[in-house]
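**Q** Before I ask anything, here is the structure I am working with.
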Amino acid sequence: MKKILILSGSPKKNGNTATLIKWFCEGAQSNGVEIEVIQTVSLKQKSNGCMSCRQCQKSDKYECAVNDEVKPVLMKMAKVDVIVMATPLYFFSESAQIKMVFDRMFSLYKWDNKASTMETVLKGKNFVLIASAYEDVGLDVLEKPFALTADYTGMKFKSLLIPNAGVSGEIKNKTDVREKAIAFGKSI
């Protein structure tokens, strides 16, 4: 059974991001997948993102050296088939909650700078971005680091970008977006 890990980067429980995740799950579950949704806003962290301690690079394990609630999430990423990051657009970027986890993905890579090589447990996985914006500005900028990371890592990348979603919760009234999100979930 295919496993999907969804990281929700919105602090709103009933906002546009939560609604898109719900619709995405509706579509994906029709394929008989196992889905886990993690609310990144509730993760207790000892640091504000990657501290660049590089302890993860000194270990033969693919894990972050910081022992907090993000560490097991990173370890789950290594074990699933699909990683979904869902976020509202905040100042042409992802939410801080997603960014902190995204940066700590550094621990899932091993670099040998002298040999110019990189290995990762993420290679071959599907990496998915779900994002919405109040208006039709900035989603292309938001998407870029996720697409580049997937390409660099050897992951397959797909995105569902919803412009003009309106203020938090308004997306629930957009049946065309609902259909699009369900179909996107089925395609994953």
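Only the coordinates and a few stated rules stand behind these numbers; no lab work does. Keep in mind the model is a prediction, meaning the values are calculated, not measured. As a convention, Cβ positions derive from the backbone with ideal geometry for all residues, glycine included, and neighbour counts pool all protein chains shown.
**Q** Of Lys13/Lys110; Lys123/Lys172; Lys2/Lys180; Lys110/Lys172; Lys61/Lys156, which sit over 31 Å apart, Cα to Cα?
**A** Cα-Cα > 31 Å for Lys13/Lys110; Lys123/Lys172; Lys110/Lys172; rest within.
**Q** Report, for the chain, the % of DSSP beta bridges that are antiparallel, rounded to 5.
**A** 15 percent
**Q** Can you give me the distance in nm between label points at Asp151 and Lys12, each placed 7 Å from the Cα along the Cα-to-Cβ direction?
**A** Going by the 7 Å Cα→Cβ label model, 3.1 nm.
**Q** Check each of the GluC sites (Glu not before Pro) in the stretch 124-188 and keep only those in coil by DSSP with at most 12 other C-beta atoms within 10 angstrom; list them in order.
**A** Passing both the DSSP loop test and the Cβ count: Glu135.
**Q** Which of these, Asp68, Asp81, Asp176, has the largest mean-square fluctuation under a Gaussian network model of the chain (Cα springs below 10 Å)?
**A** Asp176
**Q** Taking 0.36 nm per intervening residue step and subtracting the Cα-Cα distance, what contour gain separates Phe92 from Val37 on full extension?
**A** 17.4 nm
**Q** Glu179 to Lys3: FRET efficiency via 1/(1 + (r/R0)^6), r the Cβ-Cβ distance, R0 25 Å, to the nearest 0.05?
**A** It comes to 0.50.
**Q** Want the number for Ser187 to Lys158: 0.36 nm per residue separation, take away the alpha-carbon distance, what's left?
**A** Taking 0.36 nm per residue and subtracting the Cα distance, the gain is 9.5 nm.
**Q** Would you list, by chain and number, the lysines whose Cα falls below 16 Å from the Cα of Lys46, excluding same-chain residues fewer than 8 positions away?
**A** Filter leaves Lys71, Lys99.
**Q** Nothing charged except the Cβ atoms of Lys and Arg (+1) and of Asp and Glu (-1): what's the magnitude of the dipole of the stretch 86-188 about its Cα centre? Round to the nearest 20 debye.
**A** Result for the stretch 86-188 is approximately 440 debye, rounded to the nearest 20.
**Q** OK, next. Please give me the summed charge of the neighbours of Lys180: other residues whose Cβ is under 15 Å from its Cβ, Lys and Arg +1, Asp and Glu -1.
**A** Neighbourhood net charge equals +3.
**Q** Check which residues have an amide H placed less than 5 Å from Lys125's amide H, if you skip close sequence neighbours.
**A** Here the answer is Lys156, since their amide H atoms fall under 5 Å of that of Lys125.
**Q** Along the charge dipole of the chain, pointing to its positive end and built from +1/-1 on Cβ of Lys, Arg, Asp and Glu, which listed residue (Ala181, Ser52, Pro145) has its Cα farthest out?
**A** Going by the charge dipole, the pick is Ser52.
**Q** Starting from the amide H of Ile162, placed 1.01 Å from N in the peptide plane, find each other amide H under 5 Å away whose residue is 5 or more places distant or on another chain.
**A** Ala131, Ser132, Ala133
**Q** Enter the Cα centre distance for the pair the stretch 122-188 and the stretch 12-90, rounded to the nearest angstrom.
**A** The two parts, judged by their Cα centres, are 15 Å apart.
**Q** Over all directions, average the projected area of the Cα convex hull of the stretch 99-157 and note it in nm².
**A** Projected area, direction-averaged: 4.7 nm².
**Q** If you don't mind, there's one more thing I want to ask. Work the Kirkwood hydrodynamic radius out for the stretch 3-187: mean of 1/r over every pair of different alpha-carbon atoms, inverted, in Å.
**A** Across the stretch 3-187, the inverse of the average 1/r is 16.8 Å.
**Q** Toward the positive end of the charge dipole of the chain, about the Cα centre and with charges on Cβ (Lys, Arg +1; Asp, Glu -1), which of Gly9, Val167, Ala115 goes farthest?
**A** Ala115
**Q** A further question on this structure: Springs between alpha-carbon atoms under 10 Å, Gaussian network over the chain: tell me which of Cys64, Cys25, Cys53 tops the mean-square fluctuations.
**A** Evaluated over the chain, the most mobile residue of the options is Cys53.
**Q** Identify the residues of the stretch 100-121 with backbone N under 19 Å of a label point that sits 7 angstrom from the Cα of Met51 along the Cα-to-Cβ direction, or state none.
**A** Backbone N within reach: 100-109.
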